[in-house]
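Quick notes on the structure that follows.
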């Protein structure tokens, strides 16, 4: 199977490196680029003719394990996109003093080298192939001609995200925010995706940019909805800030969800200590509030349906129930109509029938079908 995939990839590499590509060949390459989401996001808003010109300027190259793409201090003369394999980033140029940045590994679809081109500066890191890897290459002059405006817009958008949703960053200069924004990655998730799992640690912190999630807590066989998460909500902060597993499970409920991803290693390395301290204080208070919602003395909705849905487990509080109602109204096709209330009424009716058989009280009026 891997041999087949490698053969197909080599065919695509040869097609990309072909000097004069036909429109049909460019369309085949364009279809392939849809699998490289970060790069796809960069070019998806370009007019069709500009997009075709960008694709026509791409080159592809194979790198073997340990081979360098570029060295710290080199001129920033091209943009790289990982097609297959992984690249390791280092902050020293010489092999004798290689200092690995923890978890700074770039995989399929990742874009690198754009920051140096935009700032007309040298490479700030060294990139080395961790395994046999294939990489797309776009010359800096074509990047500036076709993509620099898109990249500036993307970087400015990320800076606004960091400034708006990360507490305490407003007091820091633009260069600091730009560096933090550069490390922020945008990811897309489909409905049903698990963003955090109760009792499991994660290697990243997410900021919801578009879409909705529900946060649930499980004790034994009982699940309870704790909160509904929307734009601006942070997920995964327990591991990132407190080094402990998640207390809740977070699941995407909207058709799709877009989130900004901050790796834990980047958070600890790049973010100022004061900002991390402020975030710990803020999210510590918020998590206490969430845990108060998990109050098992509240009345619960008990469902008899075997289908997994938010109606299938009790709600943590009346407030959570209200939030769930709003979600279900916004996503009517996702939640089928529950028969819980009818079943509960049926159960209650059965109890009355038992009472009628064992007591002399007249309660038939409660059992009428009207």
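Numbers at a glance
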read-out	value
Efficiency of FRET from Cβ geometry, residue 10 and residue 219, R₀ 45 Å, rounded to 0.05	0.30
Ranked by how many other beta carbons lie within 10 Å on average, peptides 37-50, 216-229 from highest	216-229, 37-50
Extension reserve of the residue 72-residue 46 stretch, reckoned as 0.36 nm per residue once the Cα distance is removed	6.2 nm
Order of 114, 27 - criterion: other Cβ atoms within 10 Å of each residue's Cβ, fewest first	27, 114
Euclidean distance between Cα centres, segment 255-269 to segment 186-225, Å	13
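We did not get these values from a lab; they are worked out from the coordinates using the rules stated. Only a predicted model underlies this, so the values are computations on that prediction, with no experimental measurement involved. Every residue, glycine among them, receives a Cβ derived from its backbone with ideal geometry; neighbour counts consider all protein chains shown.
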